[in-house]
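**Q** Sharing a structure, written as structure tokens. Questions coming.
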Amino acid sequence: MLYAEAENLLLAEIGLDSFSPSTENIISIELSEVFGDSGRFDAEFYQMKYRQYHQILARHSEGYKLCNLAVLTKGNQARSISDKGVLYASIKDVIGFTIETEERTNEGELILVEPSELVLAITGATIGKVGINATNEEIAISGDLVGIKTHDISPYYLQVVLASKPIQEMCRQYTTGATNGHLAVSDVANFPIPLIDDSIQEKISNQVIWAIESKRESKRLLELAKRAVEIAIEQNESAALQIVADGTQKVSE
């Protein structure tokens, strides 16, 4: 709910809260566009809705692209997974809006994302999926992810922007390959990023931070409940209730 509210704030601010994109398949284009920067010949790339989303984002970006606000680094496959070393994440570990992993690695030329840095999926069936490192540790990322280190913009705000409908549509537009799709880091770097009023950016960021805290607390309470059931089976109900009481007391303190 908190995260959905954050995205709704963003869409309302850039005028996309009630926007219905065109269903026109092909727009009129010049040959210079085909042989220019895009190099694309497929009609899918030139759908009207993509141009509409790009124009709306560009109006609010003040000319800023993602590469002007962040450093992007493609991940690298770890040579082995173990119970030692740094945390390691691949595309399967981006769950919801955070990175969830217990795997570790200590081999290979590791690409690390620091706490509060972002990742975006660039390969496979879930291209465009975005997650933030909500842990207190560095996380090594695989080659199907690109790490995004922000500057001059809140990573929590950028998380919502990248996961929003217009950017997700651009991810689909620029994906190449029929069997195993791929999104080039250079294309991601050129996505226009809307820079709305600072106070709204801060409000959106706070919504995401609260959503992360709520997700973390829900996970803790679930683990507490599981532990209480185990204690009830191994010992007795009174001991289980004490476990729950201690866990609740910890939160209130």
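Read-outs: derived from the displayed coordinates by stated rules, not from any lab. All values derive from a computational prediction rather than experimental measurement. Cβ atoms come from the backbone with ideal geometry, glycine included; neighbour counts cover every protein chain shown.
**Q** What nm distance separates the two modelled labels at Lys226 and Val71, each placed 7 Å from Cα along Cα→Cβ?
**A** 3.7 nm
**Q** Now a separate question. Rounded to the nearest 10 degrees, what's the angle between the helix 237-252 long axis and the longest principal axis of the chain, both from Cα atoms, 0 to 90?
**A** Its long axis makes an angle of about 50 degrees.
**Q** Under 13 Å from a point placed 7 Å out from the Cα of Ala189 along the Cα-to-Cβ direction: which residues of region 38-78 have their backbone N that close?
**A** The answer is 65-74.
**Q** Using a 10 Å Cβ count of at most 14 others and DSSP loop calls, identify the longest part of the chain lacking such chymotrypsin sites (Phe, Trp or Tyr not before Pro). Mind dumping the intermediate values first?
**A** Values: sites that count: Phe19, Phe35, Phe41.
The longest such stretch corresponds to 42-253.
**Q** Which order results if His60, His182 are arranged by neighbouring Cβ count within 10 Å, fewest first?
**A** With the fewest neighbours first, His60, His182 line up as His182, His60.
**Q** Can you list the residues, at least 5 places off or on another chain, whose amide H is less than 5 Å from the amide H of Ile95, using H built in the peptide plane?
**A** Glu100
**Q** If the label point is 7 Å along Cα→Cβ of Glu100, which residues in region 194-213 have backbone nitrogen under 16 Å from it?
**A** Answer for this model: 211-213.
**Q** While we're on this one: Expressed as an acute angle from 0 to 90° and rounded to the nearest 10, what is the orientation of the C-alpha long axis of helix 198-234 relative to the principal long axis of the chain?
**A** The helix 198-234 is inclined about 40 degrees to the chain.
**Q** Note the angle between two axes, namely the Cα long axis of helix 48-61 and the longest principal axis of the Cα atoms of the chain, as a number of degrees from 0 to 90, rounded to the nearest 10.
**A** Once rounded, the angle reads 70 degrees.
**Q** Moving to a separate point now. What's the magnitude of the charge dipole for the chain around its Cα centre, counting Lys and Arg as +1 and Asp and Glu as -1 at the beta-carbon? Answer in Debye, nearest 20.
**A** Working: 22 positive and 37 negative charges, 69 e Å.
In debye, rounded to 20, the chain gives about 340.
**Q** While we're here: Of the listed values (i) 1.03; (ii) 1.18; (iii) 0.98, grab the one calculated as Cα Rg over 2.2 N^0.38 Å from the structure here.
**A** The value computed from this structure is option (ii).
**Q** Additional query: Each label point is 7 Å from the Cα along the Cα-to-Cβ direction; what then is the distance between the points at Glu107 and His182, in nm?
**A** Between Glu107 and His182, the simple spin-label model gives 2.5 nm.
**Q** Which of the peptides 102-114, 159-171, 125-137 is most tightly packed, and how do the rest follow, judged by the mean count of other Cβ atoms within 10 Å per residue?
**A** Details: 102-114: 16.4, 159-171: 22.3, 125-137: 18.4.
Answer by packing, highest mean first, reads 159-171, 125-137, 102-114.
**Q** In nm, to one decimal, how far is the Gln168 label point from the Met48 one, both placed 7 Å along Cα→Cβ?
**A** 2.3 nm
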